[in-house]
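The values are calculated or read from the model by the stated rules, or taken from the named source; none is laboratory data. Predicted model, so just to flag it, every value in this text is computed and none were measured. Don't worry about glycine lacking a Cβ; one is built from the backbone with ideal geometry, like all the others, and counts go over all protein chains shown.
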Amino acid sequence: MQRPRHHPGTSENRGCARELRPRHCPDAGSRRGHNNQGNALHELGRYGEAIESFDRAIALKPGFVEAYCGRGNVHHAHGNHDAALADRDRALALDPNHAPAHANRATTLRNQARFEEAVLSFDRALALEPGNAVTHRNRGITLRNRGLLAEAMASFERAATLPRVHSSMPAWRDFPCRSSCPPPRGLPTSGSAIEPASKS
């Protein structure tokens, strides 16, 4: 599953939401404040409360794409894949060019074993964000699930060449096609993770 790597809003608002102290947040009680709190509650595993926060954000602005994405992530994490897919689709109806929504939709489809549809959604996400290493990696996993090992390897190779790969990304030996594909150039074969590129 592809979880969001950042929350909308300023770093100050994100910090307030993470600490669950809305009275200190400039956006407390606003759609963004509820959305930030929903993200924080999700991180804490408080799924029911997170859903309620996203619901409040959506009630304040029915067209709030990020809240649908966040609520979809909570549903996905809790195994409610039909509800997650409905939120992904709603987000994309509001903003067809929202790359994270396409990528997260693909991950939900993969969890439903709808691999062909998942690859198409990953392709849409990559058309919008071609440099997203995590999306390339997840596309590779999905192709591996379909038994398309050569195409999976190409996706893993592409992920390995991209900068700013998150340090939590696994070494080649942890990839699911390791027994069938040789390690692509640039991926470590030991247990060390790929280090993120330094910011310029």
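Details
- Per-region count, segment 3-60, residues crowded, with 17+ Cβ neighbours inside 10 Å, closer than 19 Å to A91 by Cβ and at pLDDT below 55: 3
- Boolean, N104 is modelled with pLDDT of 95 or more and crowded, with 24+ Cβ neighbours inside 10 Å: yes
- Residues being charged (D, E, K, R), under 15 Å from the mean Cα position of the chain (by Cα) and not in a helix (DSSP H, G or I) - total across segment 44-83: 0
- Segment 84-162 holds helices (runs of 4 or more DSSP H) entirely within its bounds, and those carrying 1 or more residues that are under 26 Å from V65 (Cβ atoms) and not small (G, A, S) map to 99-111, 115-128, 133-145.
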